[in-house]
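Q: Here's a structure for you.
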Amino acid sequence: MSGSNLNTGINPPKTAPISKWRGIGLRVLATFLLAAMSACVHAAAKQSALGQIVFYRSLFALLPILIYAFWITPNFTSLKTSQPMQHVTRGVFGAVTMVLAFLSLAYLPVASATALAYLVPIISLPLAAHLLNERIAKPLLVAVIIGFVGVLLIVAPAFDTPELNRGILIGTAAGIGYAVLMAILRVYIKRMTDTETPVSIAFYFALICTALSVLSGPHTWPSVDTGTLVALIGAGILGGLGHIAATEAVARAPLSVLAPFEYIGLIWAIGFDIFLFAQFPTFITLLGCGLITAAAVFVLFSKRISGAA
């Protein structure tokens, strides 16, 4: 992988800190690119069908991923796989998570949908307790409760109108569903990396999602204007570039160093809401987003201290 030669042991006192800061910079860049992708999906959802968004997001992500695969291995050996059925399974379940994520973005502001995605590490705790019979320490249990209080605050505006705002409820339910499935899927993807390269996982995921989205029936997709088409294509390219930036960040710095910077994505998301969509978050919504993010960061640092990360 490109960048792996930075850890060869040659002059480590000088290269290691530089590599770490480059990794952090790439992680921050990845959060921006992925938040921009979410903004494109939010914009495109006003005119497009879900299957249509998944198609463009997956198809146009293949372009930067293929360029990246050629860059790190000119003969494309990084795309070889010994476990094709694992990719199929990951692709099918990943497509479901993508649909849920885009459904959340269709009904919620970018910041709220982004905050709900931060439920992944929080939800993994009760899942581990239920599926693996693990005990949750009391401080982590408090983090779970705080996270879900944040969800309730995000949902609160749905009940603040004379008629129930079903859009907020649908978007929030989709965001929670995404977080639950992604918490499970991350474990599966982690196991896949024992035999598969990260770029191959990204490539076959995009390829399978492209194929599955066609099953939704292109003939039923609405026609879109130029601005929406640009947003659809942008979602794919930005998503592919975001994955590459995240992958290169991991090549330069430990995950434990990079993880806290993932939450900068919420700042980008709030900025896109304000400057692109003139959606100013209410105090209650900001408080809900903040509680979810704080709970996720607390879970992260608790795991680091205990050595679980």
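Q: Ignoring the sites themselves, what is the longest stretch of the chain with no GluC sites (Glu not before Pro) in a DSSP loop and at most 14 other beta-carbon atoms within 10 Å?
A: Segment 164-309 is the longest.
Q: By its C-alpha gyration tensor, with a ≥ b ≥ c as the square roots of the eigenvalues, how is region 227-305 shaped: rounded for a/c under 1.5, else prolate for a/b larger than b/c, else oblate?
A: oblate
Q: Something else about it: What trypsin sites (Lys or Arg not before Pro) does region 50-155 have in DSSP loop regions with at most 12 other beta carbons within 10 Å?
A: Qualifying residues, ordered by number: Lys80, Arg135.
Q: Which whole DSSP H helices in the chain pass both tests: a Cα extent of 30 Å or more along the axis and a mean Kyte-Doolittle value no lower than -0.5?
A: 12-44, 84-107, 166-192, 226-252, 283-306
Q: Now for a separate question. If you build a Gaussian network model of the chain, linking Cα atoms that sit under 10 Å apart, which residue out of Ala235, Ala69, Ala101 swings the most?
A: Result for the chain, Cα springs under 10 Å: Ala69 fluctuates most.
Q: Go ahead and run the numbers for FRET between Arg166 and Lys80, Cβ-Cβ distance against an R0 of 41 Å, rounding to 0.05.
A: Once rounded, the FRET efficiency stands at 0.30.
Q: Just reorder Tyr204, Tyr118, Tyr107 by solvent-accessible area, largest first, 1.4 Å probe, all chains present.
A: Tyr107, Tyr204, Tyr118
Q: Let me ask you something else. At 1.4 Å probe size, with the rest of the protein present, what percent of the exposed accessible area of the chain is carbon and sulfur atoms?
A: The nonpolar share, carbon plus sulfur, comes to 71 percent.
Q: For Phe102, what is the net charge nearby, where nearby means another residue's Cβ is under 14 Å from its Cβ and Lys, Arg count +1, Asp, Glu -1?
A: +2
Q: Specify whether the C-alpha gyration tensor of region 145-275 places it in the rounded, prolate or oblate class, a ≥ b ≥ c being the square roots of the eigenvalues: rounded for a/c under 1.5, otherwise prolate if a/b is larger than b/c and oblate if not.
A: Oblate, because a/c is 1.5 or more while a/b does not exceed b/c.
Q: Additional query: What accessible area per residue comes out for region 176-309, rounded to a whole number of Å², with a 1.4 Å probe?
A: The answer is 49 Å² per residue.
Q: From the protein chains alone at 1.4 Å, what is the descending order of accessible area for Val96, Val297, largest first?
A: Val96, Val297
Q: Also, quick follow-up: Probe of 1.4 angstrom, ligands and nucleic acids ignored: what's the accessible area per residue over region 17-117, in square angstrom?
A: 42 Å²
Q: Let me ask something else about it. Under 8 Å for C-alpha pairs, at least 6 residues apart: give me the relative contact order for the chain, rounded to a whole percent.
A: Computed value for the chain: 43 percent relative contact order.
Q: Report the relative contact order of region 83-240, percent, no decimals, based on alpha-carbon pairs under 8 angstrom and at least 6 residues apart.
A: Across region 83-240, relative contact order equals 40 percent.
The values are calculated or read from the model by the stated rules, or taken from the named source; none is laboratory data. Model, not experiment: these values are computed from the prediction. Please note: Cβ atoms are built from the backbone with ideal geometry, for glycine as well, and neighbour counts cover all protein chains shown. These accessible areas exclude ligands, DNA and RNA; they are computed on the full protein's heavy atoms, side chains included. Shrake-Rupley method; radii C 1.70, N 1.55, O 1.52, S 1.80 Å.
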